[in-house]
1. Inspect all residues belonging to segment 50-62 and state whether any of them is touching a Phe, Trp or Tyr at 6+ places or on another chain (Cβ under 8 Å) and under 17 Å from Asn128 (Cα atoms).
2. Given the structure, is Phe109 under 30 Å from Ile194 (Cβ atoms), of a type in the set (Phe, Trp, Tyr), in the same structural domain as Asp18 (by TED's automatic domain parsing) and under 18 Å from the mean Cα position of the chain (by Cα)?
3. Leu96: buried (at least 17 other Cβ atoms within 10 Å of the Cβ) and either touching a Gly at 6+ places or on another chain (Cβ under 9 Å) or farther than 30 Å from Glu166 by Cα (or both), yes or no?
4. Cβ-Cβ distance below 7 Å, separation of 6 or more or different chains: which pairs start in segment 221-241 with a residue that is without any contact (Cβ under 8 Å) to a residue 12 or more places away in the chain and end on one that is surrounded by fewer than 16 Cβ atoms within 10 Å (Cβ to Cβ) and hydroxyl-bearing (Ser, Thr, Tyr)?
5. With Arg133, Arg86 as the choices, which residue is closer than 18 Å to Ala15 by Cα, surrounded by fewer than 17 Cβ atoms within 10 Å (Cβ to Cβ) and not assigned by TED's automatic domain parsing to the domain that holds Glu217?
6. Of everything in segment 202-253 that's part of a helix (DSSP H, G or I) and of a type in the set (Asp, Glu), which residue is modelled with the lowest pLDDT?
7. Could you identify the single residue in Tyr54, Tyr34, Tyr58 that is surrounded by fewer than 15 Cβ atoms within 10 Å (Cβ to Cβ) and either on the phi < 0 side of the Ramachandran plot or among the aromatic types (Phe, Trp, Tyr) (or both)?
8. Name the single residue that is surrounded by the most Cβ atoms within 10 Å (Cβ to Cβ) among those in segment 137-158 being without any contact (Cβ under 8 Å) to a residue 12 or more places away in the chain and part of a helix (DSSP H, G or I).
Amino acid sequence: MAFNAQEIIVPPSPALRDAVSHYWLCLNNANSVYVALPDGAVDLVFQVRGDAVYSRVYGTTTARVDIPLEQGCNYFGIRFRPGQSRHFVQSSAYELTDTHEAPQGLLRFPLGQITEAVLTGNVVHHFNWVLERYLAQASPSVQPIDQVIQLIESVGGAVRISEAAEVFGQSRRQFERVFLETVGVSAKTFAKIIRFQHTARLLTSSSNVSLAYIAAELNYSDQSHMSHDFKRLAGISPNQFFQAHKALLQDSLPKQALQKSSLAEIAS
């Protein structure tokens, strides 16, 4: 999850939606910092400066990270769904947690074809084309760990880890090892991240929702429990997050209007 009002979200093609969450685009970036919040996902990120392209694979974070940006550059990202980066990245998700690596030799598909796409402007079309071709050849199968991830997401993170381990169908130790390698964090931490994401969405979807209501809606023991978990992951309180989000949106509206024509060209 990002905290950046300039980020434009584009869904992948239907064939990729089980593996890719979305593509994101930040055109003619005006920010000095990209606020990355925990989401359990791995991102492949491209920065375009003139005719030069720089790329990194970012693992999930376990707390808020402020990533420095260059103003005036274009940024593009592919966000893989939690646990699905294993189909595209050779390193385990755990090796990438709270860090980033150069993608050369790390990806399972040709990096050059995607690098060319971010220079030619047909970004989303080429992202879909390259990843669809790779998946068709790789024929990835659904694993028990995928069912566990779906369970945790479907209940908003409000699940006992013992129940998740039962769905996995093997020993508790084996479950914890596979989950950590596949998602990058423990099942318990991932459940907290999913609840945190739901909290953030409720906070930013309406100005009339109380913290007490959100805590009850997401099955926290109380408001204090929710606020504690939220601050640990976001670095700020729920109320501070809401106020910052509101200010960021108000500041970004004129910029978003100017970006519409550029987006139509670059996302074709």
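The values are calculated or read from the model by the stated rules, or taken from the named source; none is laboratory data. In this text, all values refer to a predicted model and were calculated from it rather than measured experimentally. Heads up, the Cβs are rebuilt from the backbone with ideal geometry, glycines too, and the neighbour counts pull from every protein chain shown.
1. Among the residues of segment 50-62, not one is touching a Phe, Trp or Tyr at 6+ places or on another chain (Cβ under 8 Å) and under 17 Å from Asn128 (Cα atoms), which makes the answer no.
2. Working: under 30 Å from Ile194 (Cβ atoms): yes; of a type in the set (Phe, Trp, Tyr): yes; in the same structural domain as Asp18 (by TED's automatic domain parsing): yes; under 18 Å from the mean Cα position of the chain (by Cα): no.
Against the criterion (under 30 Å from Ile194 (Cβ atoms), of a type in the set (Phe, Trp, Tyr), in the same structural domain as Asp18 (by TED's automatic domain parsing) and under 18 Å from the mean Cα position of the chain (by Cα)), Phe109 does not qualify.
3. Working: buried (at least 17 other Cβ atoms within 10 Å of the Cβ): yes; either touching a Gly at 6+ places or on another chain (Cβ under 9 Å) or farther than 30 Å from Glu166 by Cα (or both): yes.
It is true that Leu96 is buried (at least 17 other Cβ atoms within 10 Å of the Cβ) and either touching a Gly at 6+ places or on another chain (Cβ under 9 Å) or farther than 30 Å from Glu166 by Cα (or both).
4. From segment 221-241, the pairs are Lys231/Ser237.
5. Details: Arg86 fails: surrounded by fewer than 17 Cβ atoms within 10 Å (Cβ to Cβ).
Checking each option against the conditions leaves just Arg133.
6. The initial filter retains those residues of segment 202-253 that are part of a helix (DSSP H, G or I), namely 202-205, 211-217, 223-234, 238-253.
Restricting the remaining residues to those that are of a type in the set (Asp, Glu) gives 217, 229, 251.
Numbers: Glu217: 90, Asp229: 95, Asp251: 56.
Only one residue tops the list, namely Asp251.
7. Details: Tyr34 fails: surrounded by fewer than 15 Cβ atoms within 10 Å (Cβ to Cβ); Tyr58 fails: surrounded by fewer than 15 Cβ atoms within 10 Å (Cβ to Cβ).
It is Tyr54.
8. Per the stated criteria, the residue is Gln150.
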